[in-house]
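Have a look at the structure below before the remarks.
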Amino acid sequence: LLKKDIVSTKKFAQLFNVSKRTILRDMETLSLSNIPIYSIHGINGGYGIMDEYKVDKRLLSSSDLENILTALGGLGQILISEEVEVTIKKIEAMVSPLSPKGSIRLSFYDWEGRSDILQTLKICQESILKRRLVSFNYMDKNGSATNRIVEPYQLHFSESSWYLKGFCLHRQRYRTFKLFRIDHLIMDENTFNPRDYLVEQEHEASYQPQLVAIKALISPSIKDQFIERYGRKSIENYS
């Protein structure tokens, strides 16, 4: 409906391989969901969506929409979220089938472990939106576990891992927790009043770690990894 002006019941029935009666029920459901669908009777009749409901395409060019799809496609791979999939389908419906496909593609490793933390991601996201405390056991790099109660503020994906940023009531400080080290995560019934997290974000942005210069003798087989991280100027040939 977003792609076309008017779509017939027969066309819908063929597209989704269902009966016309099912399409009529679906249209009624969409209308009850406050989606402004109208019907036109007659030979060339069918269903359409009010233009006011559609995004003004003068605001977004085909190139803009492709860029949004590229970004969402990358997010969809690392988040594995139904919400992201639905958003992608909506944006795809706005792109003309004749438009050239995006020139950029993001790709991430489909590791099995990533799906293991899906439930943890969902709980974290829900807790952030509902401003509910979370409690969990946190394992440090030595394998020691501590119980934490945290005000969750943000999920952060960096390099190849997910992190939860929040205020730890146990330490009385802002902390960043790696999701793979979180166990027995529970969303609490208790809510919290958000602190000024923007101040913490500004503090994080201004933080400058103390750097140490080193020289390393490396094998040519891993040269590209060093160039990727530190640039070509960091490499010198060694006889």
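Got a sec? Which of 23, 68, 35, 40 is touching a residue at least 12 places away in the same chain (Cβ under 8 Å) and either closer than 30 Å to residue 108 by Cα or touching an Asp or Glu at 6+ places or on another chain (Cβ under 9 Å) (or both)? I'd like the intermediate steps shown before the answer.
Details: 23 fails: either closer than 30 Å to residue 108 by Cα or touching an Asp or Glu at 6+ places or on another chain (Cβ under 9 Å) (or both); 35 fails: either closer than 30 Å to residue 108 by Cα or touching an Asp or Glu at 6+ places or on another chain (Cβ under 9 Å) (or both); 40 fails: either closer than 30 Å to residue 108 by Cα or touching an Asp or Glu at 6+ places or on another chain (Cβ under 9 Å) (or both).
After applying the criteria, what remains is 68.
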| request: Go through (1) at positive phi; (2) touching a residue at least 24 places away in the same chain (Cβ under 8 Å) and name the single condition residue 172 misses. | output: (2)
| task | Return only the number of the condition from (1) under 26 Å from the mean Cα position of the chain (by Cα); (2) of a type in the set (Ser, Thr, Tyr); (3) modelled with pLDDT of 90 or more that residue 221 does not satisfy. | result | (1)
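Would you mind finding the one in 83, 66 that is modelled with pLDDT of 70 or more, within 27 Å of residue 180 (Cα to Cα) and not hydroxyl-bearing (Ser, Thr, Tyr)?
83
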| said: For segment 124-140, give me each residue that is open to solvent by 60 Å² or more (accessible area, probe 1.4 Å) and in a strand (DSSP E or B). | reply: 139
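Out of 160, 107, 99, report the one residue that is at pLDDT below 85 and either open to solvent by less than 30 Å² (accessible area, probe 1.4 Å) or under 30 Å from residue 10 (Cα atoms) (or both).
Details: 160 fails: either open to solvent by less than 30 Å² (accessible area, probe 1.4 Å) or under 30 Å from residue 10 (Cα atoms) (or both); 107 fails: either open to solvent by less than 30 Å² (accessible area, probe 1.4 Å) or under 30 Å from residue 10 (Cα atoms) (or both).
Selected residue: 99, the only one of 160, 107, 99 that is at pLDDT below 85 and either open to solvent by less than 30 Å² (accessible area, probe 1.4 Å) or under 30 Å from residue 10 (Cα atoms) (or both).
With the condition kept exactly as written, say whether any residue in segment 194-203 is in contact (Cβ under 8 Å) with a residue 60 or more places away in the chain and out of contact with any helix residue (DSSP H, G or I) (no Cβ under 9 Å at 6 or more places or on another chain).
Here is the first cut: in segment 194-203, the ones in contact (Cβ under 8 Å) with a residue 60 or more places away in the chain are 194.
Within this subset, residues satisfying the condition of being out of contact with any helix residue (DSSP H, G or I) (no Cβ under 9 Å at 6 or more places or on another chain) are 194.
Yes, because at least one residue in segment 194-203 is in contact (Cβ under 8 Å) with a residue 60 or more places away in the chain and out of contact with any helix residue (DSSP H, G or I) (no Cβ under 9 Å at 6 or more places or on another chain).
Could you list all residues from segment 1-32 that are open to solvent by 70 Å² or more (accessible area, probe 1.4 Å) and modelled with pLDDT under 90? Explain how you work it out, then say what you get.
Pass one, segment 1-32, residues open to solvent by 70 Å² or more (accessible area, probe 1.4 Å): 3-5, 10-11, 14-17, 20-21, 24-26, 28-29, 32.
The answer is 3, 4, 5, 15, 16, 32.
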| Looking only at segment 184-212, which residues are of a type in the set (A, V, I, L, M, F, W, C), in a loop (DSSP other than H, G, I, E, B) and open to solvent by 100 Å² or more (accessible area, probe 1.4 Å)? | 211, 212
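Of the residues that sit in segment 224-239 and are outside any helix (DSSP H, G or I) and exposed (fewer than 10 other Cβ atoms within 10 Å of the Cβ), which one is nearest to the chain's Cα centre (by Cα)? Steps first, please.
Step one: list which residues in segment 224-239 are outside any helix (DSSP H, G or I), which gives 231, 235-239.
Checking which are exposed (fewer than 10 other Cβ atoms within 10 Å of the Cβ) leaves us with 231, 236-239.
Numbers: 231: 29, 236: 40, 237: 42, 238: 44, 239: 47 Å.
The qualifying residue nearest to the chain's Cα centre (by Cα) is 231.
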| query | Is it the case that segment 59-74 has a residue that's of a type outside the set (Val, Ile, Thr), surrounded by fewer than 12 Cβ atoms within 10 Å (Cβ to Cβ), part of a loop (DSSP other than H, G, I, E, B) and within 26 Å of the chain's Cα centre (by Cα)? | reply | yes
| Here are some conditions: (1) in a strand (DSSP E or B); (2) open to solvent by less than 70 Å² (accessible area, probe 1.4 Å); (3) at positive phi. Residue 143 meets all but one. Which one does it not meet? | (1)
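The values are calculated or read from the model by the stated rules, or taken from the named source; none is laboratory data. In this text, all values refer to a predicted model and were calculated from it rather than measured experimentally. Note that we place each Cβ from the backbone using ideal geometry, even for glycine, and neighbour counts take in every protein chain shown. Only protein heavy atoms, including side chains, enter the accessible area calculation; ligands, DNA and RNA are left aside. Shrake-Rupley method; radii C 1.70, N 1.55, O 1.52, S 1.80 Å.
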